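These notes concern the structure reproduced below.
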Amino acid sequence: MKIEGQAALVTGGASGLGEATARELARLGAKVAVLDRNAELAAKVAADIEKEFGDGRVVACACDITDTASVIAALDKAAAAHGPARILMNVAGIGSAKRIVGKDGNPAPLEDFVRVVNINLIGGYNMARLFAAACAKLDPLDNGERGVMLFTASVAAFDGQVGQQAYSASKGGLVGMTLPMARDLAQHAIRVCTIAPGLFATPLLMELPEPVQKSLAASIPFPPRLGKPSEFAELACHIVTNGHLNGEVIRLDGALRMAPR
């Protein structure tokens, strides 16, 4: 699918990998809706991108992907600004680190596991189902395709570390959902892929002490550095333009395999 001129949705678009993806889509000529729970930050990012182009190609939408009413409102706002979307970049998510049995001997709080899975997995599915239902009603493009959606997993889906039960389960769910969703939506000519990033220089990771950052970077075989959000965004956009990529999970990690700790 040619990106230029298409309407795109980016969840988690107000920071990190989502922001980089929103910026790359806009650079390639897409009409971008920046969706995020942080409405203020989403508006700031959208305004910053819009300042560069000045043609109305970016809009900010407050959106909680776990809340169906919130998602529908965001989709409606984005469609009113740019028309119906054919591209969905599902980047929103949270992390968590809780040992099953804490140092105090108590079990990990179930609420933490539920919260992470609810946002990362169920929220991702919620966004996908509502986008797909709208996209399936659109006329196909010249190449027969109607839309493309991307999920953001993590290498933790395969190499989860100590304490990452909730995070790994949620990201593993996205990995497991990719192929059956691609098969399901094939009848509607909507492609589905997932990127599983490794260690990236996101705002959250950059808050760690510099020695910790260097240690993490050194654990990556090659290149021995943290991934750049722009590299994630470039791959995400390539998936859109490469019509034969479907039902695939791509690790983007510099050949990293996470140690137990």
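Any read-out appearing in this document is the output of simple, stated calculations on the displayed coordinates, not a laboratory observation. What you are looking at is a predicted structure, and each value in this text was computed from that prediction instead of being measured. With ideal geometry, Cβ positions are generated from the backbone for all residues, glycine too; neighbour counts draw on all protein chains shown.
General remarks:
- The helix-based estimate of mean residue ellipticity at 222 nm for the chain, built from -39,500 (n - 2.57) per DSSP H run of four or more residues and divided by its residue count, is -13500 deg cm²/dmol to the nearest 500.
- Selection from L9, Y167, A60 lying farthest towards where the dipole of the chain points positive, charges on Cβ: Y167
- Sparse-neighbourhood loop sites, GluC sites (Glu not before Pro) in region 1-84 - DSSP loop, at most 11 other Cβ within 10 angstrom: E4
- A protection proxy built from the mean count of other Cβ atoms within 10 Å ranks the segments 232-239, 136-143, most packed first, as 232-239, 136-143.
- Point-to-point label distance, E145-D112, nm (Cα→Cβ direction, 7 Å offset): 4.1 nm
- Of the options (i) 41, 21, 17; (ii) 30, 20, 19; (iii) 58, 21, 14, only one is semi-axes √(5λ) of the Cα gyration tensor in Å as computed from these coordinates, and that is (ii).
- With the simple spin-label model, which puts each label point 7 Å out from Cα in the Cβ direction, the K44 to R183 separation comes to 4.5 nm.
- Length-normalised contact order of region 7-252 in % [C-alpha pairs under 8 Å, at least 6 apart]: 20 percent
- Three-way shape call for region 103-171 based on the alpha-carbon gyration tensor, with the a/c threshold at 1.5: oblate
- Inter-label distance, M206 to T68: 3.8 nm, where each label sits 7 Å from its Cα along the C-beta direction.
- Secondary structure note: in region 61-219, about 10% of the DSSP beta bridges are antiparallel.
- Scalar couplings 3J(HN,Hα) for region 101-109, obtained by applying the Karplus form with A = 6.51, B = -1.76, C = 1.60 to θ = phi - 60°, are 10, x, 4, 7, x, 8, x, 4, x Hz; x denotes Gly and Pro.
- Taking Cα centre as origin and charging only the Cβ of basic (Lys, Arg, +1) and acidic (Asp, Glu, -1) residues, the dipole magnitude of the chain rounds to 440 debye.
- Candidate membrane-span-like segments in the chain, meaning DSSP H helices with Cα atoms spread over at least 20 Å of their own axis and a Kyte-Doolittle mean of -0.5 or above, are 39-53, 68-82, 165-185, with no membrane implied.
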